[in-house]
Amino acid sequence: MNLLRRLATQFRKNRKVYVFFICFVIASMFWLLLALTKDYSSTYEVSVTYENFPPNMIVTNELPKKLSLNVKTSGYRLISMSSSAEDNVLSIDVLSLTGIESGVKSISSEMLAQNFIQQLGTDVEIASIMPDSILFDISTSINIKLPVRVNLEVTFEKQFDAVSPVKINPDSVTVTMPQSQIGRINWIETERIAAQKLRSSLKRNIKLIAPPGTTLSVNEAELELEVEKFTEGTVSVPVSLVNVPKGLQVKIFPDRVTAKYLVALSMYDKVKPDMFSVIADASESSSGNGDKLDVQVVSSPAFVRSVAWQPLKVDFILKK
């Protein structure tokens, strides 16, 4: 109550000032409303999309993604257009402007203006468009399926690595390109993805890069790279002799080697000795004792890596 009394007292003392201020605000509002009804010229930048291309044709040159429109309209309309500039995208009907024939065609801004007015509204007058023309280089097209190649650069945290090669879905896309480009484009590359010190799996959607003058059936693909912690494992594996000379018996010492390898933790228990094949080539033997045969691991599980073994050579004895 005390606050209201103070405000009432202050108002009685300064009544003329407050009345003047209120009248000024009302007059300013009416002036602004009248000003906004008048027409003004302004430059308005819009994004454009291209639709309805001639059948079995493709535009081989790069088309502008934005145009600058010099428009004349009411203040109300200019404010509305400016506030929604990012959302306003004007479409260009290519077929209606270029026709169905191939070749290089220049479309003037006058031809575009009528198309844009239909989208912006008849209360907007387009004085000019920059650039003042758009060039369409139209060529006969062909559809071809090409593989997707991943542009991926990664490093891993210590003891971590990829479990399998990177996966990309889809692994191929249909590309619409000019017939003249056949054989020049052999794959579609993804955007560059870089990741440092990975210790967990990587999964994300990535953009596909369309070569100039082409369109893709899809513009994104899903990338997946499985990453796990790796550990060292060992198995004892028998050594098999191959190419034993006819009429001779070969005895080797030792007859087993220890194979060491790296394996993902989730696959550690799946490693068995019989998954490894280790040989010594007896054809390398010569008469007499004391020589050694080289030991080779000729096969190992696909899910292990960095296979090493000891010993690298074995002693042998020849018997007739």
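The values are calculated or read from the model by the stated rules, or taken from the named source; none is laboratory data. Keep in mind that what you see is a predicted model, and the values were worked out from it rather than measured. Backbone-built Cβ (ideal geometry, glycine too); neighbour counts: all protein chains shown. Heavy atoms of the whole protein, side chains included, go into the accessibility calculation; ligands, DNA and RNA do not. Shrake-Rupley method; radii C 1.70, N 1.55, O 1.52, S 1.80 Å.
Observations
- Helices (runs of 4 or more DSSP H) contained in region 71-145 and holding at least 1 residues at pLDDT 65 or above and over 30 Å from Ser172 (Cα atoms): 94-98, 109-120
- For region 148-172, a residue qualifies if it is surrounded by 13 or more Cβ atoms within 10 Å (Cβ to Cβ), in a strand (DSSP E or B) and not hydroxyl-bearing (Ser, Thr, Tyr), and the qualifying residues are Val148, Arg149, Leu152, Val154, Phe156, Phe160, Asp161, Ala162, Lys167, Ile168.
- For Phe230: the one exception among (1) surrounded by fewer than 16 Cβ atoms within 10 Å (Cβ to Cβ); (2) touching a Phe, Trp or Tyr at 6+ places or on another chain (Cβ under 9 Å); (3) of a type outside the set (A, V, I, L, M): (1)
- Among (1) over 22 Å from Asp161 (Cα atoms); (2) open to solvent by 60 Å² or more (accessible area, probe 1.4 Å) - the single one Ile279 does not satisfy: (2)
- Val271 exposed (fewer than 12 other Cβ atoms within 10 Å of the Cβ) and either of a type in the set (D, E, K, R) or under 42 Å from the mean Cα position of the chain (by Cα) (or both): no
- Within region 173-210, the set of residues being part of a strand (DSSP E or B), in contact (Cβ under 8 Å) with a residue 40 or more places away in the chain and open to solvent by 70 Å² or more (accessible area, probe 1.4 Å) comprises Gln196, Lys197.
- Residue selected from region 216-227 under the condition open to solvent by less than 70 Å² (accessible area, probe 1.4 Å) and not in a strand (DSSP E or B), by the criterion farthest from Leu63 (Cα to Cα): Glu226
- Residues of region 46-63 that turn out to be under 18 Å from Ala113 (Cβ atoms), open to solvent by less than 50 Å² (accessible area, probe 1.4 Å) and assigned to a strand (DSSP E or B), as a count: 4
- Subset of region 58-68 (residues that are of a type outside the set (S, T, N, Q) and under 11 Å from Phe136 (Cα atoms)): Ile58, Val59, Glu62, Leu63, Pro64
- Conditions (1) buried (at least 16 other Cβ atoms within 10 Å of the Cβ); (2) of a type in the set (Gly, Ala, Ser); (3) touching a Leu at 6+ places or on another chain (Cβ under 7 Å); number of the one not met by Gly213: (3)
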